[in-house]
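Reading through the structure tokens given below for one structure.
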Amino acid sequence: MQNNFSKLIINHALPPNDTYPDEHRTTNSALQLINKLKIPYFRKILKLNPQCFKKIQSPDALNTPTEEATARAMGWDSVEGELPFAALKAAELGLHAPSEMTQGSWAFITLCSWHVQHGQVTFRGDANAVGLTQTESDHVLHDMKAYFQEDSVHLISHPKLKPGQWLAYSEHFNGLASASLARVSGRVIDDFLIGTGKSKGHKSERTLRRLQNEMQMLLHQHSINDQKSMPINSFWISGTGQFKAAQDSKQTILENYQRIQSFDVWTSEMELVHSDEQKWAEIWSREWESLDESVIKIYLDYFLNLSPDAEISLCNDTTCITLTPFKSQWVSGFKNLFKSSKITRQLGL
């Protein structure tokens, strides 16, 4: 582990919720999973009476709790659907806005597969899930780029982006709220489409919806779908948002990002056994206990030393709980809460 890490975010670390298979939602039995974990270092952190911040979101929020935790760790304002992850990636890759388009915003453009049935649109997967190759990605970018340029959207490819995903810069993205890929994957997306919800009434909603319709027609018979059982038939806009004018330099922003360490308890193995509750629980517990032994024990030192930047955030699909070292007298209500030996009680679950 590098010495500059000080903020830890663990996705799926809280007992399952909402979009998990029904048998693994937050029932009493699911809650007991975390109480049975053999995680001595995390338990020691809880005994230090850390300050506990808990945020519960609607399943229909545009960003996931993990993304909100990242935004909090970065010091960003929590503006739903406008967390500047695309701008962050552009800064990370050293990309700059086109000289003739200096007043716009960054966004991700990601090819994806939609399925329409009974009047509802389901987001089945992005280009990565569909298995798009880099050659296919370059081919479709060549065919799409002129349409985007005509609407003043500048597309940029980069070898560190996944095939079928590009960064885009345009004034059309200014103030545009967008749902993240993690939020819409596998879900009915009617209420997340451009021109609905928080993006309804945006000055560019008609332009972006028309552009999306044009690309759907182009992709419908495109050669990249000749051998695919799950066709790529649309694109998704995400990661919109701007750095605040008063915020630190890009160098400082990148330094802040480099202090964040992220892990996911969810594994592909868990996906394969999701119908077997016992096996699922065994894998989830094993992954959690492995993180405690390999990573969380280092954060215990940060909490013991009252490191000012130390954070541990635990997330599921609707909730994020962030622990930070507490330096002053403990508020009595939280102090009593942390007297319990059960992790669920200590975390207020």
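What to note about this one:
- Helices (runs of 4 or more DSSP H) wholly inside region 15-98 containing at least 2 residues that are β-branched (Val, Ile, Thr) and at pLDDT 95 or above: 65-74
- The residue pairs whose first member lies in region 33-53 and is on the phi > 0 side of the Ramachandran plot and in the same structural domain as PHE303 (by TED's automatic domain parsing), whose second member is surrounded by fewer than 17 Cβ atoms within 10 Å (Cβ to Cβ) and among the aromatic types (Phe, Trp, Tyr), and whose beta carbons are closer than 6 Å, counting only pairs six or more residues apart or on different chains, are ASN49/TRP330.
- Considering only residues in region 301-318 that are more than 17 Å from GLN32 (Cα to Cα) and surrounded by 20 or more Cβ atoms within 10 Å (Cβ to Cβ), the one that is modelled with the lowest pLDDT turns out to be ASP317.
- Per the conditions (1) modelled with pLDDT under 95; (2) surrounded by fewer than 19 Cβ atoms within 10 Å (Cβ to Cβ); (3) farther than 25 Å from GLU92 by Cα; (4) not basic (Lys, Arg), the sole criterion not satisfied by GLU293 is (1).
So that you can scan it fast, the table gives a plain yes or no per residue for (1) part of a helix (DSSP H, G or I); (2) surrounded by fewer than 16 Cβ atoms within 10 Å (Cβ to Cβ):
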residue: LEU161; (1), (2): no, no
residue: TYR169; (1), (2): no, no
residue: ALA182; (1), (2): yes, yes
residue: GLY186; (1), (2): no, yes
residue: PHE192; (1), (2): no, no
residue: LYS203; (1), (2): no, yes
residue: MET217; (1), (2): yes, yes
residue: ILE224; (1), (2): yes, no
residue: GLY241; (1), (2): no, no
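- Breaking point among (1) more than 23 Å from the chain's Cα centre (by Cα); (2) surrounded by 15 or more Cβ atoms within 10 Å (Cβ to Cβ); (3) not basic (Lys, Arg), for ALA177: (1)
- Residues of region 112-152 classified as basic (Lys, Arg) and outside any helix (DSSP H, G or I), total: 1
- Condition met for LEU155 (assigned by TED's automatic domain parsing to the domain that holds SER113 and part of a strand (DSSP E or B)): yes
- Scanning region 276-290 for residues that are within 15 Å of PHE42 (Cβ to Cβ) and touching a residue at least 40 places away in the same chain (Cβ under 8 Å) yields TRP284, SER285, TRP288, GLU289.
- In the set ARG72, ARG124, only one residue is basic (Lys, Arg), under 23 Å from SER268 (Cβ atoms) and in contact (Cβ under 8 Å) with a residue 60 or more places away in the chain; that residue is ARG124.
- Condition check for SER113: in contact with a Pro (Cβ under 8 Å, 6 or more places away or on another chain), under 24 Å from SER157 (Cβ atoms) and among the hydroxyl-bearing types (Ser, Thr, Tyr): yes
- With respect to the conditions (1) at pLDDT 95 or above; (2) in a loop (DSSP other than H, G, I, E, B); (3) farther than 21 Å from ALA129 by Cα, ILE232 lacks only one, and its number is (3).
- The set of residues in region 44-70 that are charged (D, E, K, R) and under 14 Å from ALA13 (Cβ atoms) contains only LYS54.
The values are calculated or read from the model by the stated rules, or taken from the named source; none is laboratory data. If you're wondering where the values come from, they're calculated on a predicted model, not measured in any experiment. Counting neighbours? That spans all protein chains shown, and the Cβs are built from the backbone with ideal geometry, glycine included.
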